[in-house]
Amino acid sequence: MHWWRFAVLIVIATVLQTSFLGVVWLGRPEIRPDLLLILLVFFAVNCKANDAVIASFAIGLAADLASPVSGFMGPKIISFGLFGTLLSDLNNVISIRRLPYQGVAIFIMGLATVLAAHLLAHLRGAAAPLNAGPELFWQPLLSALLGPFLCLPLAWWMHINKKKRRRGKWRF
């Protein structure tokens, strides 16, 4: 995997998530797609297992920096890392390469990561109110609708699905 491209992509998605997307999307800052969630599913499905685990924890760190659940670091790092790893392992058993399946995976992962992050924040003792409508349903739904359309440009940017050419070697 091209890690410098990954780093640029995460920085751009985090900046868009925290600043621009909240103002433009439907006029309400709590109803917006989660770009980092889309990236989590994309890298968990399209990368090797080791790269997917590293990418999941890095995206979780960016998600905690972008929108801390309760004012401290950790819940989204753990939830994104755990569920990204599980999705990567599940992808080895069940293929999630088709775009509609990736949309369903984004929705399920959105529900799971939000619930896990709020559960971890609650276990820590922080008062993290769960706004059931926008954060638990609308954000994963909008992410699931937008995510499959972003997969092709993301694959192009990360140079995924490109076969390396061998010169001077015979293929049989």
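Determine which single condition residue 97 fails, assuming it passes every other condition in (1) surrounded by 21 or more Cβ atoms within 10 Å (Cβ to Cβ); (2) assigned to a loop (DSSP other than H, G, I, E, B); (3) not hydrophobic (A, V, I, L, M, F, W, C). Evaluating residue 97 over (1) surrounded by 21 or more Cβ atoms within 10 Å (Cβ to Cβ); (2) assigned to a loop (DSSP other than H, G, I, E, B); (3) not hydrophobic (A, V, I, L, M, F, W, C) leaves (1) as the failure. The selection criterion, being modelled with pLDDT of 85 or more, over 20 Å from residue 48 (Cα atoms), part of a helix (DSSP H, G or I) and under 12 Å from the mean Cα position of the chain (by Cα), holds for residue 63.
On inspection, residue 113 passes the criterion of being in contact with a Lys or Arg (Cβ under 8 Å, 6 or more places away or on another chain) and at pLDDT 85 or above.
Among the residues of segment 116-152, the one identified as of a type in the set (S, T, N, Q), at pLDDT below 90 and within 15 Å of the chain's Cα centre (by Cα) is 139.
The values are calculated or read from the model by the stated rules, or taken from the named source; none is laboratory data. Treat the numbers as computed from the prediction; the structure is a model and nothing was measured. FYI the Cβ positions are ideal-geometry reconstructions off the backbone, even for glycines, and counts take in every protein chain you see.
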